[in-house]
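We did not get these values from a lab; they are worked out from the coordinates using the rules stated. The structure displayed is predicted, hence computed values, not measured ones. So basically every Cβ, Gly included, is an ideal-geometry build from the backbone, and we count neighbours across all protein chains shown.
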Amino acid sequence: MTASSSDLALDVMGLNKAFGGLKVTQDISLSVRPGERRLIIGPNGAGKTTLFNQISGDMRPNAGKIKLFGQDVTRLAPYQRAHLGLSRTYQIITLFAGDTLEHNVTLGLLGLLPSRWQMWRPLSSYRDLASEARRTLDSVGLLQLAEHPVSELAYGEKRRVELAMALSQKPRVLLLDEPLAGLSDSERATVKALIASISKNVTVVMIEHDMDTALDLAETVTLLNYGRVIVDGERDKVIADKRTREVYLGA
Amino acid sequence: MKWFAGAIIAAVLLLPPLFAGDFYVNLASQILIAAIFALSLNLLVGFGGMTSLGHASYLGVAAYLSALLTSRYGFGHGTAALLSILGTVAMAAFFGVIALRATGLGFLMITLALSQVLWGLAYRMSDVTNGDNGITGLTRPAPFGISLDSPVAFYWFALIVAVIAFVMMAIFVSSSFGSSLKGVRDQPRRMAALGFNPWMIRWITFIYAGFWGAVAGLLYVYYNKYIHPTSLSTTSSAEALLGVIAGGSGTLGGPAVGAALVLLLKNYASAYIERWNMLLGLVFLFIVLVMPTGIVPGVHKLVERLRGRSS
C-alpha cells in the first residue's frame, strides 16, 4: 500500500534531467512522509545535488513531477516553493559574507514576510526580527557572534549559520546538502546534535557522505548512482543490501 | 568626527550662494543635478549590481517630455512635471521588462541599445523634437510664485530637491527592500531560496531609479532652459556611470562626489586645457589604481589608517 501523495511531505515522481547527453537524473521517484529523516547517499556524481536543485526549483526537470504536501510545485519558482515551506542549505556555503550573522538570519526571516517589500522603514528598526534572529542564532550556539560579519567566522561556524538561516524560516521540509562537509570532529558532533534536535514537525532530507554520523540521524536511506535510485527504504535494510555495498560502502 | 564631516558638508552646500559669483553658483546647481542623477544610477549599479549604460534615457525623456508639454502643448509646469515623471516611470517599467531578461553584460548591452534608440529618435524625429537644433526658449517653473530665474534662487531649489532625493534614497537602501536588493546583488540564488523574488526586486528598483532619473531630468531642463539630443547620448550615461564608479558605487556619498568631480573637470578644467577628456582619463586612471573602490571608501580608509597611526 503506498500512501496517497497528499499524505506525503515530498513526493517526487519519475523525475528526469539531462545536461546534453549526460543523464544526471533518470526516472527518480521518492516518497518522504511528514517528519521523516531521509538520508540520500551515493558516490560523487550520482546526481544528489542535482536532485536537490530540482526539488528546490533552481533547476527545471525535463520530465516528472514534484509535489510538496500534495501540491504540484514542478513549475513553481524557487521563491514560491520557499513560501510553501521548503528550505534548503547549500553544499558550497552561500552566505552574505560582509554582513553580520544577525543580518544573515534576519534575511531568512524577512524572505517569508510581507514586510520584505517595505521601502520606507529601516530594516534595523524591526526589533522583533532582530530578536527572533538572535534566538535562532542562540539555538545553533552562535549568539555571541551575532554582531560579527560572516567573513570573520571559521568554516564550521559558517555551516551553522547556513543551518540557522534555513531553520529561521520554520520550514516544513528542510533539504540539507552535506551539512557536515569539511567539519572537524568536534564541530561534527555539534552539528549532528543540532540536526538531531530539529522538531519532528519538520521533514528533513539530507545528503551526506559521513556515514558514521549521518546514519544515526536517518530513518530511511536512498542510494543513488548514475542518476538512478538503486536502493530505497528503511535504514538498516538499505545498509544490509548487497547493492549498497557494491556501489557505495565498498566490500 | 561624524558631526564634523556633516558640518563641512552643510557649509559646502550652504555657502556658495552667499559668497560665490553666478558662475560658481550655476556650477554648484549643475553638480547637484548630476549628483541626483548619479545617485539614481547608483541604485542600479551599486546596490543592485545592475550596471546600466543607458541611464540617460530617463533624464533625457523626462526633460524632453517637460519641454514639449510646456512649450508646445501649453501645459503649466506643475502638470507637465507630473506627466513627465509618470511617462518616464512608465517607460522605465517597460524598459525594465526588456533589460531584466538578462544580467551582467547582457543587461548593460540592452540598456545601451535602448538608450541609443531614444537618442536616434530625438535626432531624427525633428518635427517633434526639433532634431539637432534642440528645443529652445523654455522657462523655469515658479513654485509658489517664487521665480527661479536667478542663479541663487535656482540653486536653493535644486538643493532642496537634492536633499529630498538623497534622504529618500538613503531610506530606500536601508529599508527591508533595500536589504533584499543588496542580498539579490550578492547571492541571487540564495535569496530566491529564502523566498525573495529576485526579478521583481530588480524590476521595482529599475523603476525607482528611473523615477529619480526623471527628477534629475526635470531639474536639468529647468536649469538649461534648453534640451538637445546629447542629453540622451551614451556620453551622458557614461559620465554618470564614471561618476558612480569614481566616487564609490554602493555608497551613498560616493556618486555625489564622483558626479561633482566629473562636472568640475568638464566645466572648469576645459577652460584651461583643451583636451579635458584626457585629463578626465588620467584622473580616473589615478582613482582606479589608488582607490579601486572609489573616492569615498578610499578616503575613508585613508582617514582610518591615519587615525590608527596617530593614536
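General observations
- Per-residue ellipticity at 222 nm from helix content only, as computed over chain A with -39500 (n - 2.57) for each DSSP H run of at least four residues, stands at -9000 deg cm²/dmol.
- Relative contact order (percent, whole number), region B:1-90, Cα cutoff 8 Å, 6+ residue spacing: 16 percent
- Relative contact order (%) - criterion: Cα under 8 Å, at least six apart; region: chain B: 30 percent
- Dipole of region A:94-246, positive end: most advanced residue of A:Tyr155, A:Ser139, A:Thr244 [Cβ charges, Cα centre]: A:Ser139
- Counted over region A:164-236, the DSSP beta bridges are approximately 55% antiparallel.
- Amide H partners (placed H, <5 Å) of A:Arg33, local residues excluded: A:Ala9
- The translational diffusion coefficient of the protein assembly as shown, from Stokes-Einstein at 4 °C and 1.567 mPa s with a Kirkwood hydrodynamic radius over alpha carbon pairs, comes to 49 µm²/s.
- Sorted ascending by nearby beta carbons within 10 Å, beginning with the fewest, A:Lys200, B:Lys266 become A:Lys200, B:Lys266.
- Given +1 at the Cβ of Lys and Arg, -1 at the Cβ of Asp and Glu and no other charges, the dipole of chain B around its Cα centre is 860 debye to the nearest 20.
- As a rough footprinting exposure proxy, the listed residues B:Leu282, A:Leu180, B:Leu289, B:Leu68 were ranked by other beta carbons within 10 Å of their own, and the order from fewest upward is B:Leu289, B:Leu282, B:Leu68, A:Leu180.
- Listed by Cβ neighbour count within 10 Å, with the fewest neighbours leading, B:Trp212, B:Trp3 appear as B:Trp3, B:Trp212.
- Between B:Tyr24, B:Val290, B:Leu82, the Cα set farthest toward the positive side of the dipole of chain B (charges on each charged residue's Cβ, about the Cα centre) is that of B:Val290.
- Within the protein assembly as shown, antiparallel bridges make up roughly 60 percent of the DSSP beta bridges whose residues both belong there.
- Sequentially through region B:202-218, phi angles give Karplus couplings (6.51, -1.76, 1.60; θ = phi - 60°) of 5, 5, 4, 5, 4, 5, 5, 5, x, 4, 6, x, 5, 4, 4, x, 5 Hz, Gly and Pro residues having no value and appearing as x.
- Residue of B:Arg275, B:Arg202, B:Arg124 that the Gaussian network model of chain B assigns the largest fluctuation, springs spanning Cα pairs under 10 Å: B:Arg275
- Per-residue ³J(HN,Hα) for region A:56-63, Karplus 6.51 cos²θ - 1.76 cosθ + 1.60, θ = phi - 60°, Hz, x for Gly and Pro: 7, x, 5, 10, 8, x, 6, 7
- Here the 3J(HN,Hα) profile of region B:152-168, calculated from phi with Karplus coefficients 6.51, -1.76 and 1.60 at θ = phi - 60°, is 5, 4, 5, 4, 4, 4, 4, 5, 4, 4, 5, 5, 4, 4, 4, 5, 4 Hz, Gly and Pro shown as x.
- Taking chain B as a Gaussian network of alpha-carbon nodes connected by springs under 10 Å, the highest mean-square fluctuation of the residues B:Thr136, B:Thr205, B:Thr88 belongs to B:Thr136.
- Among the trypsin sites (Lys or Arg not before Pro) in region A:1-85, those located in a DSSP loop and surrounded by at most 11 other Cβ atoms within 10 Å of their own Cβ are A:Arg75.
- Here's how it looks for A:Asn225: its modeled amide H is under 5 Å from those of A:Ile230, which are all 5 or more places away or on a different chain.
- Local electrostatic count, A:Val205, Cβ distance below 13 Å [Lys/Arg +1, Asp/Glu -1]: -1
- In summary, the aspartates and glutamates within cross-link reach of A:Lys65, defined as a Cα separation below 15 angstrom excluding same-chain residues under 8 places away, comprise A:Asp11, A:Asp27.
- Dipole magnitude for the protein assembly as shown: about 360 debye, using +1 per Lys or Arg Cβ and -1 per Asp or Glu Cβ, origin at the Cα centre.
- Unit charges at the beta carbon, dipole of the protein assembly as shown: most positive-side option, B:Val128, A:Ile40, B:Tyr222: B:Val128
- Mean separation of Cα pairs under 8 Å and 6 or more residues apart, divided by the residue count, gives chain A a relative contact order of 27 percent.
- Taking amide H as placed 1.01 Å from N in the peptide plane, the amide H of B:Ser175 sits under 5 Å from that of A:Leu123, each at least 5 places away or on another chain.
- Rh by Kirkwood over Cα pairs, then Stokes-Einstein D for region A:98-169 at 1.306 mPa s and 10 °C, µm²/s: 131 µm²/s
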